[in-house]
Amino acid sequence: MYTLVQRFHFTIEKVCINKPKIVRYNKIVVKRRWIDYMTMIPIDSRLLKVLIKVNSKKFNELDELAEFVGVSSRTIRNYIKELNIILTKENMAVIVQVKEAGYRIIVHNQNKFDKFIDEASVQNSDLTILNSPEDRLMYIIQILIKSKEVIKIDELADKINIGRTTLINDLKKIEALFKLYDIRIKGKQNLGITIEGNELNIRLFILDYLNKEFVKNSTSNSCVITINNEYYEKIRIGLIKLFAISEIHLADETLIETMNYIMVMLIRVDDNKNIITLDKKYEDIIDNEEYNLAAKILEMLIEITNYSFNEYEVSFVILPLIGRRASINPNNLIIKESVKLLAEQIINEINENLGVSIKYGNAIVKNFIYHLNFMLNRLIFNIKNKNELINDIKKNYPLPYEMAKIAAKVVENNYGLKSGEDEIAYMALYFASYIEQDNYDGEKIKKIALVCGTGLGSSQFLNIKLRRLLGREVIIDNYSDTKLTKELLLKYDIVFTTVDITFNTETPIIMINVIFDDDVLKKTIQEKMNLKEYNANYLQANDPILSIIVKKEHFFILEEDNYMDSLNFMLDKLLELEEVDIEFKSRIIERELKGTNIFGNYVALPHAINNKEKPLRIAFGVLKKPIVWEGKEVKIIILLMIPSEENIDKDLLIRTYEQLLKLTQNKQVIINMSKLKDYSEFKNLLLKEVLV
């Protein structure tokens, strides 16, 4: 039997001090960090472990040292006293404590100090030191996965050089990770422990947590496992050929992922770790093109490596194919009707919950359906897809992320599958794309007044640039500032000017320079057009929309003791003010009965379509006393009156939601708002805290 790769060893015989390397084959990058994940340094006792840690950086806090060694803070102080007796006796160094900084070592004789550590390490090379608690967890996981026999707790604690209690706490953390893959730690602490789980699940765990570096906080160095380049290249080239002749469109990313799966499979099979059972769900993947391709990949591997594989291994090789990211050219992909119906249900749910209007036939929605197809496979077969952009997406696209959370709930209700934050963030990108594509209202501008006080050349230049930005069909009339009147400007959709206009007008006015940035001007145009119906031309682009949409008569201090009573009070007042249609109240109540609209952080966000021909309005209610409703505490009720589809300004609604969602995510701002006593305080707080 050929050995395709140098097998990964869970032993501590070799010391690795190299930084992580990357094996490159043309454009393919393969990171190998499965085994020998951490640096392992022999020591003679925990004293040396403390010494090495103190010497690793300028300052170390007491708690940091205690966690690193796996003992109490008091014990660390005793260790440092013992170390100082040894170090000062030989006039090598001294460990000192610096107030508010931590412990540091001052070396008097570097050569003598280095020799001392080297000799101590050589004399006691059977002990292991790990560079961080994360490294320690990874090392324990590796031992559990590799071991064929039960492992005694005390022996493992001695090997890692930590206390028994620390090791038991580490095992509890590992159990939580294993549980995600239906892997269990079995046995008794005194007799020994081992792991139990389906081999396929163990491999998925290896790929996600050991091979893909999901633990990001590790500071350890690592060994790069070298592989037999000749055999690796044969497999890679064979895989490229199979991908090329396949009718499935597969990206380079899928090639790399499939190579990772193959490497793990070969290592486990070579170690007699075979897949011997499969869940029933794997029966559904036999009759498709990916299965045929996976079978051909396995035939290719047998030919190159001379390995023997059982029939179940095809089901492992197919996973990176059916769980791949949707490709750029998915035209030949056949989508099941069930997936299309799921997408339609998601769109309907988002539209109903948020009052937006996503069109099902849109090209971006079509791509979202392709994404759903593979996402469902990943969820069904527990394939993780790490999203490095998750924090940026949550921060910069709060509304698309909220849409994706609704989508995830629909998937869970239909399939019983929970989408993690990574998958939710991927879905959010599609909704963000839809919003970005659909939210520019430049086409609404048909007639422009251009006021220019800098001469014909500047006027002509601005004419050309504005036509390029807004379209050649737009009508542009040029004026000097001396001929302007309020009545004249009312004939135009928008006014661009290079000079100050001193009188007020309902027509949006935008000051521009002869040289302007297209993207900045687009945003400004959108802001002005959003606020046109509010006669709020004075509002600056970065002012919170809430400060104009929430009118004084829409601000309430609520004294009721019940959430529904408080909501009814607001609804009755709005009906008295003729702000909402007569059926608006019943639509709100009906939605509340279907499911509460409490968003968390003390905020309830009820909303419904308002058939009055009015722009978007918001009513803001501050509860004098917090109310617990549906198990959540409520201090603020924000009630949205959303115009019907033919009257709605989609971009304004989107920007309003974005401000509201950012508001609800800031717990301290909500707490401050819950203390408001009147509308003027509300306006001041908005200007201070909610600028976007």
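The values are calculated or read from the model by the stated rules, or taken from the named source; none is laboratory data. Everything numeric in this text was worked out from a predicted model, so none of it was measured. Positions of Cβ are backbone-derived with ideal geometry, glycine not excepted, and every protein chain shown enters the neighbour counts. Heavy atoms of the whole protein, side chains included, go into the accessibility calculation; ligands, DNA and RNA do not. Shrake-Rupley method; radii C 1.70, N 1.55, O 1.52, S 1.80 Å.
Net charge near LYS625: determine it from the other residues with C-beta under 13 Å of the C-beta of LYS625, scoring Lys and Arg +1 and Asp and Glu -1.
Within the 13 Å Cβ shell, the charges total -2.
Can you give the FRET efficiency for ASP500 and ALA363, using 1/(1 + (r/R0)^6), R0 = 45 Å, r = Cβ-Cβ distance, to the nearest 0.05?
Efficiency at R0 = 45 Å is approximately 0.55.
Loop-only trypsin sites (Lys or Arg not before Pro) in segment 65-118, please: DSSP not H, G, I, E or B, and at most 15 other Cβ atoms within 10 Å.
LYS99
Which residues' amide hydrogens lie under 5 Å from the amide hydrogen of ASN610, considering only partners 5 or more residues apart or on another chain, with H built in the peptide plane?
Residues meeting the amide H criterion: ILE642, SER644.
How much net charge surrounds ALA428 when only the other residues with a Cβ under 9 Å from the Cβ of ALA428 are counted, with Lys and Arg +1 and Asp and Glu -1?
Within the 9 Å Cβ shell, the charges total +1.
In terms of modelled amide H atoms, which long-range or inter-chain residues lie less than 5 Å from the amide H of LEU558?
Amide H neighbours of LEU558, under 5 Å, 5+ apart: VAL622, LEU623, LYS624.
So what are the ³J(HN,Hα) numbers for segment 195-210, from phi and the Karplus equation (6.51, -1.76, 1.60; θ = phi - 60°), rounded to whole Hz, Gly and Pro as x?
These are the phi-based 3J(HN,Hα) values: 10, 10, x, 4, 4, 5, 5, 4, 5, 4, 5, 4, 5, 7, 9, 9 Hz.
Taking θ as phi - 60°, what are the ³J(HN,Hα) couplings along segment 424-433 by the Karplus curve (6.51, -1.76, 1.60), each to the nearest whole Hz, with x for Gly and Pro?
Running phi through 6.51 cos²θ - 1.76 cosθ + 1.60 with θ = phi - 60° gives 4, 5, 5, 5, 4, 4, 5, 5, 5, 4 Hz.
Leaving ligands, DNA and RNA out of it, report the carbon-plus-sulfur percent of the accessible area of segment 590-649 at a 1.4 Å probe.
44
Tell me the net charge near TYR602. Cut-off is 14 Å between Cβ atoms, TYR602 excluded, with +1 for each Lys or Arg and -1 for each Asp or Glu.
Combined, the nearby Lys, Arg, Asp and Glu give +4.
Quickly work out the ILE85-to-ILE475 label distance, labels modelled 7 Å from Cα along the C-beta direction, and quote it in nm with one decimal.
About 9.8 nm separates the two model spin labels.
Report the full-extension gain for the segment ARG74 to ASP279: residue separation times 0.36 nm, less the Cα-Cα distance, to one decimal in nm.
Gain on stretching ARG74 to ASP279: 68.7 nm.
Report the label-to-label distance for ASP182 and ILE237 in nanometres (one decimal), using points 7 Å from each Cα along the Cα→Cβ vector.
Simple spin-label model gives 4.0 nm for this pair.
Roughly how many nanometres apart are two label points built 7 Å out from the Cα toward the Cβ at ALA295 and LYS57?
Calculated label separation equals 5.5 nm.
Could you tell me which GluC sites (Glu not before Pro) in segment 147-177 are loop residues by DSSP with no more than 16 other beta carbons within 10 angstrom of their beta carbon?
Hits after loop and neighbour filter: GLU149.
Give me a comma-separated list of calculated 3J(HN,Hα) values for segment 622-633, in order, Karplus coefficients 6.51, -1.76, 1.60 applied at θ = phi - 60°, integers in Hz, x for any Gly or Pro.
9, 7, 4, 10, x, 10, 8, 9, 6, x, 10, 7
What residues have an amide H closer than 5 Å to that of PHE59, excluding those fewer than 5 places away on the same chain, when H is modeled at 1.01 Å from N in the peptide plane?
Under 5 Å from the amide H of PHE59: no residue qualifies.
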